[in-house]
Amino acid sequence: MSTAASNMPYKGNDRLLFGIIMGVIAFWLFAQTTLNIAPDMSRDLGMSANTMNIAVAITALFSGIFIVVMGGLADRIGRMKIVRLGFYLSIVGALLVGLTPTGDLATPVLLVGRALQGLSAACIMPASLAVVKAYWDGADRQRAVSMWSIGSWGGSGICSLFGGLMTQNFGWRSIFFVSIAVSVLGLWMMRGTPESKAETKGEYKFDLPGVLTFMITMVALQVVVTQGNKFGWTSPLALGLIAVTLVVGTVFLKIESKSANAFFDFSLFKNATYTGATISNFLLNAVAGTLIVSLQLVQLGGNMTAQAAGMLTIGYAVAIIAFIRVGEKLLRAFGARKPMIWGCLITGFSIVLLSPANVLLADYKILAMIGYTLFGVGLAFYATPSTDAALSNLPAAQGGAGSGIYKMASSLGAAFGVAISAAIFTALSANNASITWLEGVITFAGRQDNLAVREAAIIALGFNVLMIAVAILSIMLTVPKGKKA
């Protein structure tokens, strides 16, 4: 239990909660707009599609790499300190992205800015959840988790619409300047909050070998996923990166299983409910790839603007915010398992509705609006039950570390889901060559000059449906039936 909360001298309030949510929004709403505005940024900065895909995914990758480390540090040096550090990093990262110049400096400046945005999320997500666990309890905590989830899942729901509107009317750079203002507001709202730390035994030693091997493994894997098609999957470079991923990844597992100060505590996975919540969280966030594929489909294949494409997602934005509290009520009525499965089923059906790229654009718009709305409903049903299941099964002294692993699943899921979906879509559509085995199975209405883009979208979205199926299986195998006593 946190030192500050052990004698109950401080109880969480709405000013603190909404201040924290400002930081959550800075990532999930503002930083994630790149899922929709990537084509506009790429054209404006003169970047290739592959480089832009890296810029889109690198934020979630850096968040995933460092989120467990920062969660563990938050438990020891202070959760509010790490939350505030995240806000400062968010401000600097957004400033770099907003001021990215054209020309030779565009790529390094943009990538550094996006990486800092990822580091900010690595600080804010686990530390803020640990603060929620420390300063709220019972029904108040479930409400706080729901509000926090509106910031994260709701922010991800609005980001495409918001990004399109801002880009069309004020330019994409304005998004990141507004993000800075939101972060400053959040810092002001959190003022005066006492520190929260875990009670620790013995001297803490930073797990440098574990962190380094984890970083190398994740970066090598991400480069293979995003650049494998460009390098050639059987090229020496691609095969070398795969070998690095496997070898260094094995070393990481051995180090963490033997280290007394491991930053990644595998013992947390002895709890089946926490395990199911974390694995399914990874997979549900991985279907963020659905957004980048479907939005690029209508822009590249249907010549729609980012604003027009973003407008298709308005049902997603409304539904996820409107139904988050419904997920909380379902949690209280049925426990975590049923609403988590229901949420996955609805999300999977929504991706199926987004998959028929063979129909006319006018028909696809209708399917997309329905699909995006159900996408938001499904994620809303899933969000609070999953987060509460993870938090309520964590030891008090590991609130930050355990929340870090859970949120690492979110970030790495989004990073690899977006990267893999974008890689499938880009690779299959790049050469403008149709997929022969689809020609005899699916009839494509309307234009025939964009078949490669449409076929690539169908395959990439099918990959996302597969991840939903695995998520449902993981929940069924790990999360117990009924309400927790």
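Looking at the stretch 1-17 only, could you name the residues that are farther than 16 Å from Arg141 by Cβ and at pLDDT 85 or above?
Passing the criteria: only Arg15.
Among the residues of the stretch 70-105, which ones are assigned to a helix (DSSP H, G or I), surrounded by fewer than 24 Cβ atoms within 10 Å (Cβ to Cβ) and modelled with pLDDT under 90?
Listed by number, the residues that qualify are Arg76, Ile77.
Those residues that are touching an Asp or Glu at 6+ places or on another chain (Cβ under 7 Å) and touching a residue at least 40 places away in the same chain (Cβ under 8 Å), I need them from the stretch 247-279; list them, please.
Here is the first cut: in the stretch 247-279, the ones touching an Asp or Glu at 6+ places or on another chain (Cβ under 7 Å) are 259, 261-264, 266.
Across the stretch 247-279, the qualifying residues are Ser259, Asn261, Ala262, Phe263, Phe264.
Is it the case that Ile158 is closer than 26 Å to Thr102 by Cα, under 19 Å from the mean Cα position of the chain (by Cα), of a type outside the set (S, T, N, Q) and crowded, with 19+ Cβ neighbours inside 10 Å? Full working, then the answer.
Numbers: closer than 26 Å to Thr102 by Cα: no; under 19 Å from the mean Cα position of the chain (by Cα): yes; of a type outside the set (S, T, N, Q): yes; crowded, with 19+ Cβ neighbours inside 10 Å: yes.
Here the answer is no, as Ile158 does not meet what is asked.
Please determine whether any residue of the stretch 236-251 is in a helix (DSSP H, G or I), at pLDDT below 85 and surrounded by 13 or more Cβ atoms within 10 Å (Cβ to Cβ). Outline the logic, then answer.
Applying the first criterion (in a helix (DSSP H, G or I)) to the stretch 236-251 yields 236-251.
Right, trim to at pLDDT below 85 and you get none.
No, there is no match, as no residue in the stretch 236-251 is in a helix (DSSP H, G or I), at pLDDT below 85 and surrounded by 13 or more Cβ atoms within 10 Å (Cβ to Cβ).
Check whether at least one residue in the stretch 391-406 is among the β-branched types (Val, Ile, Thr), modelled with pLDDT under 80 and not in a loop (DSSP other than H, G, I, E, B), and report yes or no.
Keep residues of the stretch 391-406 that are among the β-branched types (Val, Ile, Thr), which gives 405.
With the extra rule that they be modelled with pLDDT under 80, the set shrinks to none.
Looking through the stretch 391-406, none of the residues is among the β-branched types (Val, Ile, Thr), modelled with pLDDT under 80 and not in a loop (DSSP other than H, G, I, E, B).
What residue, of Ser280, Ser294, is in contact with a Leu (Cβ under 6 Å, 6 or more places away or on another chain) and in a helix (DSSP H, G or I)? Show your work before the answer.
Details: Ser280 fails: in contact with a Leu (Cβ under 6 Å, 6 or more places away or on another chain).
Testing whether each residue is in contact with a Leu (Cβ under 6 Å, 6 or more places away or on another chain) and in a helix (DSSP H, G or I) leaves just Ser294.
Would you say Met41 is under 20 Å from Leu96 (Cα atoms), of a type in the set (A, V, I, L, M, F, W, C), assigned to a loop (DSSP other than H, G, I, E, B) and touching a residue at least 60 places away in the same chain (Cβ under 8 Å)? I'd like the intermediate steps shown before the answer.
Values: under 20 Å from Leu96 (Cα atoms): yes; of a type in the set (A, V, I, L, M, F, W, C): yes; assigned to a loop (DSSP other than H, G, I, E, B): no; touching a residue at least 60 places away in the same chain (Cβ under 8 Å): yes.
When the stated conditions are applied, Met41 does not pass them.
Which residue, of Asp388, Asp363, is modelled with pLDDT under 95, touching a helix residue (DSSP H, G or I) at 6+ places or on another chain (Cβ under 9 Å), of a type in the set (Asp, Glu) and in the same structural domain as Leu295 (by TED's automatic domain parsing)?
Details: Asp363 fails: touching a helix residue (DSSP H, G or I) at 6+ places or on another chain (Cβ under 9 Å).
Result of the check over Asp388, Asp363: Asp388.
For the list (1) assigned by TED's automatic domain parsing to the domain that holds Asn393; (2) in a helix (DSSP H, G or I), I need the number of the one condition that Asn303 fails.
(2)
Looking at Ser156, is it closer than 26 Å to Met41 by Cα and small (Gly, Ala, Ser)? Spell out the reasoning first.
Working: closer than 26 Å to Met41 by Cα: yes; small (Gly, Ala, Ser): yes.
Yes: the conditions hold for Ser156.
Need the failing condition index for Glu195 against (1) modelled with pLDDT of 80 or more; (2) out of contact with any strand residue (DSSP E or B) (no Cβ under 9 Å at 6 or more places or on another chain); (3) among the acidic types (Asp, Glu), just the number.
So the condition that Glu195 fails would be (2).
Based on this model, can you work out whether Ser128 counts as closer than 17 Å to Trp28 by Cα, modelled with pLDDT of 95 or more and in the same structural domain as Leu394 (by TED's automatic domain parsing)?
Working: closer than 17 Å to Trp28 by Cα: yes; modelled with pLDDT of 95 or more: no; in the same structural domain as Leu394 (by TED's automatic domain parsing): yes.
No: the conditions fail for Ser128.
Give the stretch 252-277 a look and list any residue that's hydrophobic (A, V, I, L, M, F, W, C) and in a helix (DSSP H, G or I), or say none. Even if it seems obvious, please write down each step before you answer.
Applying the first criterion (hydrophobic (A, V, I, L, M, F, W, C)) to the stretch 252-277 yields 252-253, 255, 260, 262-264, 266, 268-269, 272, 277.
Phe252, Leu253, Ile255, Phe266, Leu268, Phe269, Ala272, Ala277, listed by residue number.
The values are calculated or read from the model by the stated rules, or taken from the named source; none is laboratory data. Computed from a prediction, not measured in an experiment: that's the story for all the values here. Here Cβ is always computed from backbone atoms with ideal geometry, including for glycine, and neighbour counts include all displayed protein chains.
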